[in-house]
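Chemist: Mind looking over this structure? Questions follow.
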Amino acid sequence: MGNIDSSREKNDIEFNETTIEAPLPVERQADPDIIENIEETSTFSEHKVISDFDEIRSEINQKSKEEGASFIYKDIDFLSDTKSLYYTFGAPTNWAEIEWKRPKDISDSPRLTKDGTSTKDIKQGMLGNCWFLASCAAISRSAKHLKKVIPENQSMQGADYAGMFHFRFWRFGKWVDVIVDDALPTINGSLCFGKSDDSDEFWLPLVEKAYAKLHNSYQAIEGGFTQDGLEDLTGGIVMSYDLGSKTPDNLFSVLKKAMQYDSFACASIEGTAESENKETGLVSAHAYAILQVAKVAYKNADVNLVKLRNPWGNSTEWKGDWSDESPTWDFVSEDLKHGMHANEDNGEWWMTFDDLSQHFTALTICTVGPDFDNDGAPTGDRWLRSAINGEWITGKTAGGSRNDLYGYQANPQYFMELREPNDFDPVEDKPEEEGKCSFVLGLMQEYRRVARSKGVENLYLSVHIFKVEEKPTQKLDARFFSRNSQIMSSGSYINRREVTISGLLSPGFYVIVPSSFYASKGGSFLLRIFTEKPIILEQLH
């Protein structure tokens, strides 16, 4: 069963599965307790990340002390040259003018952070990475979570300064530590990529540089999706919702609860190129951070409001109701207006959730733990994570979609036994949840962005769950798939980094089949399954 069977039966079933193009981008308060269901060690703890940062910095500072000179770090793995900027044959527009300068050469009083971190620290430059900066803006609402990304005890002044900094990102199932020197791209002496509103503060451009190093160049992080940025900054799992006519009826309630429970959200507008709508002030092919939600009394009715931030951080803002200059603010109490309203050209504004639903394409919510019931809040204060690393090998385990059942049967298959239903609380839980097992499943392909210079693109992913009566002794075959439909799936194949399923299943036996659409294309993947109770998860052969 390991190799793809080339034989064919006359009654092959054509499922006509198709792919979906991902829209083109330009792009409770304490952490719950996380237990590994298989590996028995947590990969979510940023405190367990080990790097050579302290050792290297100590060596540099010791040498400076011994020789009476000031030595600083030079990153030989991400040099201040064109290879770190771009991978194309020629330089993008204006990039040939870039010079690398350290903060001490840009500011008289540089600081990594100044008066903490906030959304106002984030302004996009000439790099098309609004998806990542919007994710940074969303995360910056929580000092606790941003500390996971920006370790403490790093200074740009004094005896500890060595011209080097380190930052942490969640990468394909584990936290990694990225060390960079503090040379930054500038044009005419000013930062040309991400920057803070305060010219003395440098945490954002350095986080951006570390993220670029993780992907081999700055150009490699142009164009992307906020779900990737949010996960890389938190290690959480993301659920995405289509807006417009597909907006779920309860989505504002979900978003409100998510924000209350320290989850993070972004909204985006699809398009092929960034273009501002002069009538609305909104930009197509662009991503925005969601900062707050509120329900306010307006003309004897309640209105659902959402506060957003454009990572450009300028006057390109929403121009409709509840915008900075909208007369709607004259019809609310002075206390409410004083607490919420600020007429500033800083890229931040309020708008109704209905307007957001009408003008935006998608909303993404990232929780640090699974949201089993899709209500916006991590479920419970404890859950189990099962993780498996797998691979689609061309000619062996890269079976493609169900359009070819003999190929599909070769895909990796995993037996899952749900043994025990959730604890049921008749007061807190819904009646249909009794006797069921909650789960969130994510199928993530290994980061292919690092190979963009070689023309590598995302695979089209989907994952299916099948019900079986007992544990199979081997992989399910084409005959089974011809007679049985999946009971749940992530939907049509789509070229996103991760696809997810969230729902309820009865205790019993299941088989999970992760697949990419084209059998000719191989790749590595990570399967994450979050449950409230222990499960059995084994690979079938």
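What follows is calculated from the coordinates using simple rules that are stated; it is not laboratory data. Note that the structure is a prediction, hence the values are computed from the model and not measured. Glycine gets a Cβ as well: all are built from the backbone with ideal geometry, and neighbour counts include every protein chain shown.
Chemist: What are the residues whose amide H is under 5 Å from the amide H of Lys101, where those residues sit 5 or more places off or on another chain and H is modelled from the backbone?
Modeler: Leu184, Thr186
Chemist: First select every other residue whose beta carbon is under 11 angstrom from the beta carbon of Asp52; then total the charges, Lys and Arg +1, Asp and Glu -1.
Modeler: Once all neighbours under 11 Å are counted, the net charge is -3.
Chemist: For Thr272 and Lys299, what is the calculated FRET efficiency with R₀ set at 30 Å and r taken between the beta-carbons, to the nearest 0.05?
Modeler: That pair, Thr272 with Lys299, gives E of 0.15.
Chemist: If Lys and Arg each add +1 and Asp and Glu each add -1, what is the summed charge of the other residues whose beta carbon sits under 12 Å from the beta carbon of Leu291?
Modeler: +3
Chemist: From the C-alpha gyration tensor of the range 44-224, pull out the three semi-axes of the equivalent ellipsoid (sqrt of 5λ each), sorted largest to smallest, in whole Å.
Modeler: Semi-axes from the Cα gyration tensor: 23, 21, 17 Å.
Chemist: Same structure, new question: Return the inverse of the average 1/r over all pairs of distinct C-alpha atoms in the range 237-366, which is the Kirkwood hydrodynamic radius, in Å to one decimal.
Modeler: That comes to 15.0 Å for the range 237-366.
Chemist: Per residue of the range 519-529, what does 6.51 cos²θ - 1.76 cosθ + 1.60 with θ = phi - 60° give for ³J(HN,Hα)? Whole Hz please, x for Gly and Pro, Karplus curve as stated.
Modeler: Using θ = phi - 60°, the values come out as 5, 7, 10, x, x, 9, 9, 10, 9, 10, 10 Hz.
Chemist: Note the full-extension length gain between Ser485 and Ser107 as 0.36 nm times their separation in residues minus their Cα-Cα distance, in nm to one decimal.
Modeler: Value of the extension gain: 129.8 nm.
Chemist: Kirkwood hydrodynamic radius for the chain: how many Å is it when counted over pairs of different Cα atoms?
Modeler: 25.0 Å
Chemist: Additional query: How much length, in nm to one decimal, is gained on full extension between Glu152 and Gln292, taken as 0.36 nm per residue of separation minus their Cα-Cα distance?
Modeler: 47.7 nm
Chemist: Within the set of other residues whose C-beta is less than 9 Å from the C-beta of His215, count the net charge using Lys and Arg as +1 and Asp and Glu as -1.
Modeler: Charge balance in the 9 Å sphere: +3.
Chemist: For the range 44-224, calculate the relative contact order in percent as a whole number, restricting contacts to Cα pairs under 8 Å that are 6 or more residues apart.
Modeler: Averaging sequence separation for qualifying contacts and normalising by length gives 33 percent for the range 44-224.
Chemist: Right, next: Which pairs in the list Lys475/Lys533; Lys278/Lys521; Lys148/Lys256 are over 32 Å apart, alpha-carbon to alpha-carbon?
Modeler: Lys278/Lys521
Chemist: Also, quick follow-up: How many nm is it between the label spots at Gln358 and Tyr87, if each spot is 7 Å from the Cα in line with the beta carbon?
Modeler: 4.2 nm
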